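Structure first, commentary second.
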Amino acid sequence: FFETAAPKHVDTFITRAKEGHFDKMAIDQIRRAGDSASPITGAVEEMHFGLVATKEEQDRAKWEEERGKLDDKTVGAIEFEDSRISHFPMMVAAASGKDGKSIPTRIWINVSDASAEHDGKRVVFGKVIAGQDVARKLVLDPVFSREDERSSGRGTPRDTIRIQSITIE
């Protein structure tokens, strides 16, 4: 974690992880270079988790509904902290919210360099140290995507992939 660069985001994430907030949550979105991807944004390869609705077995319609809600009460948005840390591979970042806010319970992990697209727009507050091979496989291996997602480069994983728990040591 980058405690000095984004203290509120680190604190919120750690608190929520210790409370079990992310336990049994599914990865709800994967982006990878697809057939129709642009040369600039198509290069970002990343995954997202953090939707409470994904804890419900296979109710993907609720995932889309929750993804559209960005108000403070729904997702726990906090003030944006400019960590000034670039989105190099394996960085952990909070999703962007509305009105200059950030959502430290909605997490993006990029497996490729996402600095051109996301620097200054998302708050980087951590880095994946252990399990980088697993993160790369989940994002890059086509076995985890549907055919339409492979060609478009973005979408929901073919099968539900769940985070069993997050341990903070």
**Prompt:** Hey, among R150, R158, which residue is outside any loop (DSSP other than H, G, I, E, B), modelled with pLDDT under 90 and of a type in the set (K, R)?
**Reply:** R150
**Request:** Run down K8, K24 and say which single residue is open to solvent by 80 Å² or more (accessible area, probe 1.4 Å), touching an Asp or Glu at 6+ places or on another chain (Cβ under 7 Å) and at pLDDT 90 or above.
**Result:** K8
**Asked** Which residues, taken from segment 62-86, are modelled with pLDDT of 75 or more and of a type in the set (A, V, I, L, M)?
**Response** A77, I78, I85
**Fill in**
Contact list, first residue from segment 84-112 and under 16 Å from L51 (Cα atoms), second anywhere and open to solvent by 40 Å² or more (accessible area, probe 1.4 Å) and modelled with pLDDT of 90 or more, beta-carbon distance below 6 Å, six or more apart or interchain, is S96/K121; S102/F80; T105/R16
**Complete:** The lone condition D141 fails out of (1) modelled with pLDDT under 90; (2) open to solvent by 50 Å² or more (accessible area, probe 1.4 Å); (3) over 20 Å from L51 (Cα atoms) is (2)
**Fill in**
Those residues of segment 115-147 which are free of Cβ contacts under 8 Å to residues at least 60 places away in the same chain and either in contact with a His (Cβ under 8 Å, 6 or more places away or on another chain) or part of a loop (DSSP other than H, G, I, E, B) (or both) amount to S115, D119, G120, K121, R122, V128, I129, A130, G131, D141, R146
**Fill in**
G131 vs (1) small (G, A, S); (2) at negative phi; (3) loosely packed, with under 13 Cβ neighbours inside 10 Å: all pass except (2)
**One residue from R122, R136 being open to solvent by 60 Å² or more (accessible area, probe 1.4 Å) and either in contact with a strand residue (DSSP E or B) (Cβ under 6 Å, 6 or more places away or on another chain) or over 18 Å from S86 (Cβ atoms) (or both)** = R136
**Fill in**
The lone condition S112 fails out of (1) at pLDDT 85 or above; (2) part of a helix (DSSP H, G or I); (3) farther than 26 Å from G76 by Cβ is (2)
**Asked** Can you name every residue in segment 27-59 that is modelled with pLDDT of 75 or more, open to solvent by 20 Å² or more (accessible area, probe 1.4 Å) and over 19 Å from V92 (Cβ atoms)?
**Response** K55, E56
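The values are calculated or read from the model by the stated rules, or taken from the named source; none is laboratory data. From a predicted model like this one, the values you see are computed outputs, not experimental measurements. FYI the Cβ positions are ideal-geometry reconstructions off the backbone, even for glycines, and counts take in every protein chain you see. Calculation scope for accessible area: heavy atoms of the full protein, side chains included, ligands and nucleic acids excluded. Shrake-Rupley method; radii C 1.70, N 1.55, O 1.52, S 1.80 Å.
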